[in-house]
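The structure appears below as structure tokens.
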Amino acid sequence: MSRRCRLYLVTPPDIPDIAAFSRQLDAALDAGDVASLQIRLKSRDGVAAPDHHILEFGRHIIPGAQERGVAVLINDRPDLAVELGADGVHIGQTDMPYAKARKLVGPDAIIGVTCHNSRHLALEAGDAGADYVAFGAFFPTDTKDASTRAEPDLLTWWQQMIELPCVAIGGITVNNAKPLVEAGADFLAVSAGVWRTEGGPGAAVAAFNAIFDELAT
């Protein structure tokens with residue numbers, strides 16, 4: 001089976017100007033293939049934005065993303081995902097259990113689960129019914145205080161053993177992405193590596209897609 005890695009965008013943690021970010025997002029999504037967008041409005045120490053801000057932001061940007069075929073996921077909050085008409089939710093190990101999240105979002109929504117650097121947690125998530133597992137952090141990141149560090153060989157093991165898609169996350173940029181793609185990541189979750197890159201978000205998305213094309217098997 002052929003395999004081509006894809007881009008999984010994660011929003012910046014703080015978006016005070018929704019209209020300005022929306023223009024950046026349009027530039028990113030129009031620059032190349034983007035599989036999904038996770039709305040994650042949460043500070044480095046884990047404090048989430050108020051619900052009303054997440055809802056306002058989601059209502060502003062979700063329709064345009066979905067019209068482009070981009071799946072929109074809400075971080076941690078299945079209830080807000082349902083209210084916003086998002087495509088699914090991403091949950092961490094200390095958030096709502098998978099079964100409860102599934103009950104809230106329904107059988108057709110996407111649910112991804114953070115599994116840090118743990119094969120055991122990933123296998124548990126897969127057995128429970130998760131649509132993908134996320135491993136990381138692979139590199140230092142300013143987005144959050146990552147509690148674990150993952151190595152590329154974890155992606156290789158997963159790709160060889162399990163059919164469920166895996167996402168690599170944590171400090172990923174155009175400059176360090178290749179080893180993760182080569183190791184077996186199905187998706188690269190990127191935040192600052194797109195939004196803060198020199199040349200702008202569109203250039204970053206195009207550069208990631210060039211790497212994915214080069215390394216497609």
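Values for this structure:
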{"quantity": "Flag for A168 being crowded, with 22+ Cβ neighbours inside 10 Å and either among the small types (G, A, S) or out of contact with any Ser or Thr (no Cβ under 8 Å at 6 or more places or on another chain) (or both)", "calculated": "yes"}
{"quantity": "Qualifying residue in the stretch 165-179 (condition: assigned to a helix (DSSP H, G or I), farther than 22 Å from I91 by Cα and at pLDDT 95 or above)", "calculated": "yes"}
{"quantity": "Check on G64, in contact with a Phe, Trp or Tyr (Cβ under 8 Å, 6 or more places away or on another chain) and either modelled with pLDDT under 95 or of a type outside the set (S, T, N, Q) (or both)", "calculated": "no"}
{"quantity": "Contacts under 6 angstrom Cβ, first residue in the stretch 123-139 being in contact (Cβ under 8 Å) with a residue 12 or more places away in the chain and farther than 22 Å from G106 by Cα, partner among the aliphatic types (A, V, I, L, M) and assigned to a loop (DSSP other than H, G, I, E, B), 6 or more apart", "calculated": "F135/A150; G136/A150; A137/A146; F138/A150"}
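This table checks each residue for (1) closer than 20 Å to G64 by Cα; (2) buried (at least 21 other Cβ atoms within 10 Å of the Cβ); (3) of a type in the set (D, E, K, R).
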position: C5; (1), (2), (3): no, yes, no
position: Y8; (1), (2), (3): yes, yes, no
position: A19; (1), (2), (3): yes, no, no
position: A31; (1), (2), (3): yes, no, no
position: Q38; (1), (2), (3): yes, yes, no
position: S43; (1), (2), (3): no, no, no
position: A49; (1), (2), (3): no, no, no
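The values are calculated or read from the model by the stated rules, or taken from the named source; none is laboratory data. Being a predicted model, the structure only gives us computed values, none of them experimental. Reconstructed Cβ throughout: ideal geometry from the backbone, glycine too, with neighbour counts over all protein chains shown.
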